[in-house]
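K.L.:
Below you'll find the structure I mean.
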Amino acid sequence: MTRTILAVRPQPGLAATIAAGEAMGLTIVGYPLFEIRPRAWECPNPDSIDALLVGSANAIRHGGEALREITGKPVHAVGQATADAAREAGFTIASTGTGGLQKVLDKIEPPARCLRLAGEEHVVLTAPDGVTIDTRILYEAAPLELPEPLRALAEPGLVTLLHSAAAARAFDRETRRLAMDRSRISLAVIGPRVAEATGDGWHSIHVSPTPSDSAMLEMVRVACI
């Protein structure tokens, strides 16, 4: 039996996931659990920076005027979508990762002084010898509630796509608030860290083989439906 697929990531990623899923023949319902909002931040002296470390395209989208001071610095991006956003904003891409920001950081040649552009919730990183990290918070994810009618979607079975640990915790909270039958909901998560934040009582949890939207959608197409 085909089940409804629910995407809960914030825009514009939500629209991108829906479009990518539809290209694979999937039908996805979208309700964002967060709204990304910019935070005021101060850019350090560009002379103190060798490179930028960016773990989300949201840092580029919501960095504001302060980013203009450092567009000459090379970017080490967590993935292709982040690299594309940085390139469109005028940055040069030094490297693009495929397995998380820590792996990107591990490949940076020392000595290097990195400015990390991050969201309020971000993964703790361990800098290699000879590499320093100055972290600045550029945006935050403001929580939103799921609509009451969504409860009915779980009755025939539901597959929910979770792109972050924050989304996992928020979906856990919202399903409890709406008294949804979690035993009829399967989760498709982008990585092990997200799976650890999901809570319990779900029908099943599927972890994407690689941390990318396309890999997660392909997993759902093959394994969850």
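K.L.:
Where both residues lie in the chain, what percent of DSSP beta bridges are antiparallel, nearest 5? Kindly include the intermediate steps, with their values, before the conclusion.
P.N.:
Details: 5 of 39 bridges.
So the antiparallel bridges in the chain amount to around 15 percent.
K.L.:
Taking square-rooted eigenvalues a ≥ b ≥ c of the alpha carbon gyration tensor, is region 9-52 rounded, prolate or oblate, where a/c under 1.5 means rounded and, failing that, a/b exceeding b/c means prolate?
P.N.:
Oblate.
K.L.:
Under the rule of at least 5 residues apart or a separate chain, name every residue whose amide H is placed under 5 Å from the amide H of Ile205.
P.N.:
Here Leu187 satisfy the definition.
K.L.:
Kindly provide the trypsin sites (Lys or Arg not before Pro) of region 1-85 that DSSP labels as loop, not H, G, I, E or B, and whose Cβ sees at most 15 other Cβ atoms within 10 Å.
P.N.:
Those satisfying the criteria are Arg39.
K.L.:
Charges at C-beta only: +1 for Lys and Arg, -1 for Asp and Glu. How large is the resulting dipole of region 160-206 about its Cα centre, in Debye rounded to 20?
P.N.:
Here the size comes out at about 100 debye.
K.L.:
With r defined as the distance between the Cβ atoms of Ala19 and Glu109 and R0 fixed at 25 Å, what FRET efficiency is calculated, to the nearest 0.05?
P.N.:
On the way: r = 37 Å, r/R0 = 1.48.
According to the calculation, E is roughly 0.10.
K.L.:
What do you get for GluC sites (Glu not before Pro) in region 21-80 restricted to DSSP loop and a cutoff of at most 10 other Cβ within 10 Å of the site's Cβ?
P.N.:
When the GluC sites (Glu not before Pro) of region 21-80 are filtered for loop state and at most 10 Cβ neighbours within 10 Å, Glu42 remain.
K.L.:
Then there's this: Set the Förster radius R0 to 22 Å, insert the Cβ-Cβ distance between Asp47 and Thr92 as r into 1/(1 + (r/R0)^6), and round the FRET efficiency to 0.05.
P.N.:
Plugging the Cβ-Cβ distance into 1/(1 + (r/R0)^6) gives 0.80.
K.L.:
Given R₀ = 35 Å, what would the calculated FRET efficiency be for Thr135 paired with Leu178, taking r from the Cβ atoms and rounding to 0.05? Don't jump to the answer; show the numbers that get you there.
P.N.:
Details: r = 35 Å, r/R0 = 1.01.
E between Thr135 and Leu178, to the nearest 0.05, is 0.50.
K.L.:
D for region 20-137, whole µm²/s, Stokes-Einstein with Kirkwood Rh over alpha-carbon pairs at 4 °C and 1.567 mPa s: what number?
P.N.:
Reported coefficient: 86 µm²/s.
K.L.:
Got a sec? Which residues in region 1-24 would a label at Glu121 touch, if it sits 7 Å along Cα→Cβ and we count backbone N under 19 Å?
P.N.:
Those under the cut-off are 6-15, 17.
K.L.:
Using a probe radius of 1.4 Å on heavy atoms only, what accessible surface per residue do you get for the chain? Whole Å² is fine.
P.N.:
On the way: 10850 Å² over 225 residues.
The answer is 48 Å² per residue.
K.L.:
Could you rank the peptides 170-180, 145-155 by their average count of other C-beta atoms within 10 Å per residue, with the highest value first?
P.N.:
Ranked from most to least packed, the peptides come out as 170-180, 145-155.
K.L.:
In addition: If every alpha-carbon in the chain counts as one equal scatterer, what log10 I(q)/I(0) does Debye give at q = 0.07, 0.08, 0.18 1/Å?
P.N.:
-0.24, -0.31, -1.26
K.L.:
Just to be sure I understand the curve: with the Debye formula and one point per C-alpha of region 127-204, what is log10 I(q)/I(0) at q = 0.27 Å⁻¹?
P.N.:
-1.35
K.L.:
Given just the C-alpha atoms of region 1-74, how large is their convex hull per residue in cubic angstrom?
P.N.:
112 Å³
The values are calculated or read from the model by the stated rules, or taken from the named source; none is laboratory data. Please read these numbers as outputs of a predicted model, since none were measured by experiment. All Cβ positions, glycine included, derive from the backbone under ideal geometry; neighbour counts span all protein chains shown. For accessibility, only protein heavy atoms count, side chains too; no ligands or nucleic acids. Shrake-Rupley method; radii C 1.70, N 1.55, O 1.52, S 1.80 Å.
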